[in-house]
There are 6 protein chains.
Amino acid sequence: LANEEPTNPIESDRYRSGHALRFKTLGDAGEVRRRMLAAFHPDLMRYPIEFVFGEILQRPGLDQKTRELISLTMAIGLGRQREIRSHTRGYLNHGGTKEELVELLIQSAAYAGFPAMIDGAYGVIEVFEELGLFHPPDVEG
Amino acid sequence: LANEEPTNPIESDRYRSGHALRFKTLGDAGEVRRRMLAAFHPDLMRYPIEFVFGEILQRPGLDQKTRELISLTMAIGLGRQREIRSHTRGYLNHGGTKEELVELLIQSAAYAGFPAMIDGAYGVIEVFEELGLFHPPDVEG
Amino acid sequence: LANEEPTNPIESDRYRSGHALRFKTLGDAGEVRRRMLAAFHPDLMRYPIEFVFGEILQRPGLDQKTRELISLTMAIGLGRQREIRSHTRGYLNHGGTKEELVELLIQSAAYAGFPAMIDGAYGVIEVFEELGLFHPPDVEG
Amino acid sequence: LANEEPTNPIESDRYRSGHALRFKTLGDAGEVRRRMLAAFHPDLMRYPIEFVFGEILQRPGLDQKTRELISLTMAIGLGRQREIRSHTRGYLNHGGTKEELVELLIQSAAYAGFPAMIDGAYGVIEVFEELGLFHPPDVEG
Amino acid sequence: LANEEPTNPIESDRYRSGHALRFKTLGDAGEVRRRMLAAFHPDLMRYPIEFVFGEILQRPGLDQKTRELISLTMAIGLGRQREIRSHTRGYLNHGGTKEELVELLIQSAAYAGFPAMIDGAYGVIEVFEELGLFHPPDVEG
Amino acid sequence: LANEEPTNPIESDRYRSGHALRFKTLGDAGEVRRRMLAAFHPDLMRYPIEFVFGEILQRPGLDQKTRELISLTMAIGLGRQREIRSHTRGYLNHGGTKEELVELLIQSAAYAGFPAMIDGAYGVIEVFEELGLFHPPDVEG
């Protein structure tokens, strides 16, 4: 993985700090994505790690739980399914609860339409299934 | 399924009426979705059933076929694939025809771009396949 | 306006037919837009007139009122204010009613969110004001 | 304004409660909008007040400040300028700060692109100007 | 495939020319799509071939490589995954390079947000895998 | 304007370089925007200048004219009017031509719908008017 290392030495602290926050937020699922994109081209991951997780998200003024709520809200509004799953994990990893996620989904119906709520709900449910926290009903029965 | 019952007695007529219209519109495919979301949290389905199907869609002024056309048009424009499939079924279940769906898709190209038309067409085609009304060609040959 | 004439003689029937439908649909407001864009470059209006109004919208299968409903629904969902105004006029010019427009707006809230309904309502109201069919209240009072 | 009253007596508590929360959130600017839309047709405001402010936003699980953050985030992501201004006011009225708004805007750049941040910033700045909390520089100088 | 033939003889040159450019651009993957949609209804493919590939994309003023860059940029911005894959192939088939695609993806992060970049990257990577030009890492290891 | 200076000395070269490219690209109109946003909060402009203009847009692999084409295409697709005007200027300032802009607009109709083309055209025309390169017709006549 040597080719993923940042080449600019003055930025490497930011990369390391960003990687640590990103791993705490997205966990192993984020690592799978990082390795895939970095294998295609290392710079594709350099900016999300250095700029987003190493700089923007570490600014004072909003805590990580609130920041994940913002990222997840954006993902639901814009219909980005991959991000819905990532930031559902991120929100839970920073202390968010299922009850709050349900409220976010219901409020999304009012502000982006019920299709946004339903697509969002499927993304959230998928994460809960993967975490072993939800067992889907026998919906064919 | 008792936990899906609305808790507010003054609203239960609306729930029952909404559920009936929803089942007529979306059929078994809608039931599969309802059970999944209601199993995760009952309120996720309470509003689509009470508010959308039980109230909004039952207002006078537009018939159900026209209302499904509106919902499907929104879904094609906004690129919501799950909704495209649902409201293709809904449009057919309220008297819409394949010819009208083709016209909607072609007009969508003009007003939301050809990618919207093509994504929409794949959603419509998927429903026609499931209903046994279309058999895809041997596209590999 | 000679430079707005189509150069390809085999397409000029389509241009004339499209122009006639477009004028019936959008009226003088559409003419103002056409002259502005055609003055910048004639081809900018050639395709909307020949392809959209001269071909797509004249296909059988859906009547003009339904087609304007589709165009307006797209415009509300995608937040295109200029188109909301144009197709509000178009819908009225092909027999649509205020009651139907209110229903479309309310249904838009369910399928694209209340902000889409409110932005749509402002566009519709603006047209009704221009047509002298609505007098806004003294909202400052 | 009698024609704005809800006709269904069992829902009027929700209307009154929703109206109160809405006024606390959006203030006079929200009243101007309400009167305009209700004058066009009373039902256009009935659902935002009864369903959104009277029901969805009053559910437990998220406080009003967090809910306004969600609404504002949606508005920035989807590029709805009118809503950006409304929910900037709403966020401030429920205890949000300028520092938090700046952080939301910067994070929006990462999750919806810099154009979303800049359009959002103009909406936020417009509210601060109206509130007398910001005096724009002599940008022509 | 006789029913896919255009019925209007004055347009058939445009169809043939459009089909040729489309095949050069999208290759066999485009043929698979064409056969599927044309089997559902021939007119669904008539306009993409005649109007888009036979007319718009053949206008002078921009070369095919630049035009594919525009189509791909739109697809990334609007989150249309099917189009991202199609126009990644189209861009490569008209002389585009991997290096340029990486730059487009990184710039997309700035103008449409990192989720747009990441969804775009997955689409581009999928094409490179299908072409045998990229072998994904053992991301589970 | 001292409070707009970057506080981190190791980043100031990037800020200066980004500012120079941004001024060459967006000109005085960009300066007006920069002063407005920086007066509200200096960090709102730090990232567009350091990260976008100072880093992303200066990467090798795509020239500035192509990069402005990408930014403008995104803006047209996503309906961001402010950005359409900015990057119309940017595209012209890096050697783009009116003919190419017209082609981009027409292609946008195919890939994002005619409303995107028309909104885009109004943005482009507004810039040409400001530059004294286009005089609108007497559209009322």
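Before moving on, here are some points about what is shown:
- Selection status of C:R89, closer than 24 Å to C:D13 by Cα, in contact with a helix residue (DSSP H, G or I) (Cβ under 7 Å, 6 or more places away or on another chain) and basic (K, R): no
- Scanning region D:54-71 for residues that are in contact (Cβ under 8 Å) with a residue 40 or more places away in the chain and part of a helix (DSSP H, G or I) yields a total of 3.
- Summed over region D:66-75, the residues that are closer than 15 Å to C:F114 by Cα and open to solvent by 30 Å² or more (accessible area, probe 1.4 Å) give a count of 0.
- Screening D:L101, D:L105, D:L92, D:L78 for residues that are buried (at least 18 other Cβ atoms within 10 Å of the Cβ), facing chain A (nearest Cβ under 9 Å) and free of Cβ contacts under 8 Å to residues at least 60 places away in the same chain leaves exactly one candidate, D:L78.
- Failed item, numbered, when D:D43 is tested on (1) touching a Phe, Trp or Tyr at 6+ places or on another chain (Cβ under 7 Å); (2) open to solvent by 20 Å² or more (accessible area, probe 1.4 Å); (3) modelled with pLDDT of 95 or more: (1)
- Listed by first and then second residue, the pairs with beta-carbon distance under 7 Å, at least 6 apart or on different chains, first residue in region B:31-46 and more than 8 Å from every other protein chain (Cβ to nearest Cβ), second of a type in the set (K, R), are B:M45/B:R34.
- Number of residues in region D:52-65 that are open to solvent by 10 Å² or more (accessible area, probe 1.4 Å) and within 7 Å of another protein chain (Cβ to nearest Cβ): the value is 3.
- Pairs with Cβ under 7 Å, 6+ apart, first in region A:14-26 and closer than 20 Å to A:R85 by Cβ, second among the small types (G, A, S) and assigned to a helix (DSSP H, G or I): A:R22/A:G30; A:F23/A:G30; A:T25/A:G90; A:L26/A:S86; A:L26/A:G90
- Only residues that are small (G, A, S) and within 13 Å of chain B (Cβ to nearest Cβ) were counted across region C:11-30, and they come to 1.
- F:A110 vs. criteria buried (at least 23 other Cβ atoms within 10 Å of the Cβ), away from chain E (no Cβ under 11 Å) and touching a Phe, Trp or Tyr at 6+ places or on another chain (Cβ under 9 Å): no
- Among the residues of region C:113-127, the one identified as more than 7 Å from chain D (Cβ to nearest Cβ) and in contact with a Phe, Trp or Tyr (Cβ under 7 Å, 6 or more places away or on another chain) is C:G113.
- Filter pass, C:L92 being farther than 16 Å from B:E68 by Cα, among the aliphatic types (A, V, I, L, M) and part of a helix (DSSP H, G or I): yes
- Scanning region A:113-141 for residues that are open to solvent by 50 Å² or more (accessible area, probe 1.4 Å) and either among the small types (G, A, S) or in a loop (DSSP other than H, G, I, E, B) (or both), we see that the one that is farthest from A:Q58 (Cα to Cα) is A:G141.
- For the condition in contact with an Asp or Glu (Cβ under 9 Å, 6 or more places away or on another chain) and not in a helix (DSSP H, G or I), A:G18 does not qualify.
The values are calculated or read from the model by the stated rules, or taken from the named source; none is laboratory data. Since the structure is predicted, the reported quantities are computational estimates derived from the model, not experimental observations. Cβ atoms come from the backbone with ideal geometry, glycine included; neighbour counts cover every protein chain shown. Note: areas computed on protein heavy atoms with side chains; ligands, DNA, RNA excluded. Shrake-Rupley method; radii C 1.70, N 1.55, O 1.52, S 1.80 Å.
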